[in-house]
1. Is it the case that Gly130 is at pLDDT 95 or above and either assigned by TED's automatic domain parsing to the domain that holds Lys90 or loosely packed, with under 13 Cβ neighbours inside 10 Å (or both)?
2. Within the bounds of the stretch 51-58, is there any residue that is more than 19 Å from the chain's Cα centre (by Cα), charged (D, E, K, R) and either over 30 Å from Gln207 (Cα atoms) or at pLDDT 95 or above (or both)?
3. Hey, among the residues in the stretch 73-99 that are more than 18 Å from Met174 (Cα to Cα) and touching a Pro at 6+ places or on another chain (Cβ under 8 Å), which one's surrounded by the most Cβ atoms within 10 Å (Cβ to Cβ)?
4. Is it the case that Phe110 is at negative phi, free of Cβ contacts under 8 Å to residues at least 40 places away in the same chain, touching a Gly at 6+ places or on another chain (Cβ under 6 Å) and part of a strand (DSSP E or B)?
5. Within the stretch 1-18, is there a residue that is outside the structural domain of Asp155 (by TED's automatic domain parsing) and at pLDDT 90 or above?
6. Where residues in the stretch 19-31 are buried (at least 22 other Cβ atoms within 10 Å of the Cβ) and modelled with pLDDT under 95, which of them is nearest to Ala233 (Cα to Cα)?
7. Quickly run through the stretch 84-107 and pick out the residues that are within 18 Å of Asn28 (Cα to Cα) and free of Cβ contacts under 8 Å to residues at least 12 places away in the same chain.
8. What number goes with the only condition from (1) over 22 Å from Phe239 (Cα atoms); (2) touching a Phe, Trp or Tyr at 6+ places or on another chain (Cβ under 8 Å); (3) not hydroxyl-bearing (Ser, Thr, Tyr) that Leu47 does not pass?
Amino acid sequence: MKIYRLFALMLLACVCVPSQAGQTLVINSSYYPPFTTPEQNGFIDLLYKELGKRTGLTFKIQSLPAERALSNANSGIDDGDVCRIAGLDKTYPNLVRVPEAVLDYKMKVFSRSVDFTVKGADSLKPYDVGILTGWKIIERTVVGTRSLSSVETVDQLIKMLQNQKVDIIVLEEMQGRAMMEKMGYTNLKILEPSLLEGDWYPYLNKQHADLIPSITAAIRSMKQDGTYQKLYADTITQFRLHHHH
């Protein structure tokens, strides 16, 4: 009987932790606080730590500019990207999307002096606009403006607005707020409503396509048992409470 029970336990262990256990994946992030932080306590940092526990994988989050983050994941230099818009696999054929969203985004128009109601991309056309290189949905949406400047980092983008090199910038709201606060700029404003809203999904290089079902299941189980909501509350909701003026 004992031997049988031991065998049953061993079998169970095999079911819970598939052969991927111990595998380390380098996953790129082009994000900033409160999503990923140098201390690795941002929402995405904590989400991937928990995903690691649930899948037996080790996720190493690597900070890279948005364009390089994607091309490195696509070429197989790195293993994936923490979260991006749906549909990138059309442009980057070696990337496979995890079908469960990990974060929702709001792309906002930040301004120093101009003021208008944001009515889609057309309402940006009269202005000199700044965006981030490699943020695909913004690159595709913001076209035909008076001028368009593209920079690599959020702090460069906000500085460009502060120094009046552009009239407005388009940026994800939370990271924009965090960086404005860090830089001590209190005179910039966020125009409403959002230019774009949507969901971000993890992507893996197709050589890891076999891991997608277990990662998808782990994200879903985190949402079902409340872990996801708790992480969100501890990081993003906390941030919102402290930084909305």
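The values are calculated or read from the model by the stated rules, or taken from the named source; none is laboratory data. For clarity, every value in this text was computed on a predicted model and none was experimentally measured. Glycine gets a Cβ as well: all are built from the backbone with ideal geometry, and neighbour counts include every protein chain shown.
1. no
2. Here is the first cut: in the stretch 51-58, the residues more than 19 Å from the chain's Cα centre (by Cα) are 53-57.
Next, only the ones that are charged (D, E, K, R) stay: 53-54.
This time we only want the ones that are either over 30 Å from Gln207 (Cα atoms) or at pLDDT 95 or above (or both), so: 53-54.
Yes - at least one qualifying residue is present in the stretch 51-58.
3. The extreme case among them is Asp81.
4. No; evaluated as a whole, the condition is false for this residue.
5. Scanning the stretch 1-18, I find no residue that is outside the structural domain of Asp155 (by TED's automatic domain parsing) and at pLDDT 90 or above, so the answer is no.
6. Ranking the qualifying residues of the stretch 19-31, first place goes to Tyr31.
7. Gly87
8. In the conditions (1) over 22 Å from Phe239 (Cα atoms); (2) touching a Phe, Trp or Tyr at 6+ places or on another chain (Cβ under 8 Å); (3) not hydroxyl-bearing (Ser, Thr, Tyr), Leu47 misses (1) alone.
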